[in-house]
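Have a look at the structure below before the remarks.
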Amino acid sequence: MKRLIIGDIHGCYSEFQELLSKAGLSEEDEIIATGDIIDRGPDSPKLLNYFNNHPNAYSVMGNHEHKHILSLLVQRFIRCRDFIQQIRGFTWNYRFSIKQV
């Protein structure tokens, strides 16, 4: 069994497919991404689908994935806070900051 370890794909699906073609992997071989499979390039959704749908493809979370997840969480928090303010008729004096640990 072979293992292809790759990092910083950054949404470049066609280049990723070209690399896979050159590597000559079989279905039993593993692909391990060391993070940053999304962002910058044009095809981040295709890469996410690839890693979701291929049982021998794995990825760890990189700083670009972390940034996007954090952004989604903050957006949801703000929407929930605003909704609660509307239905209760008051304003929160709540400030938050996000610190990377």
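Summed over region 1-44, the residues that are under 22 Å from Lys67 (Cα atoms) and aliphatic (A, V, I, L, M) give a count of 6.
Within region 45-55, at least one residue is touching a strand residue (DSSP E or B) at 6+ places or on another chain (Cβ under 8 Å), surrounded by fewer than 14 Cβ atoms within 10 Å (Cβ to Cβ) and either farther than 22 Å from Ser71 by Cα or among the charged types (D, E, K, R) (or both).
We did not get these values from a lab; they are worked out from the coordinates using the rules stated. As the structure is a prediction and not an experimental result, all values here were calculated from the model. Ideal geometry is used to build each Cβ from the backbone, glycine not excepted, and the neighbour counts take in all protein chains shown.
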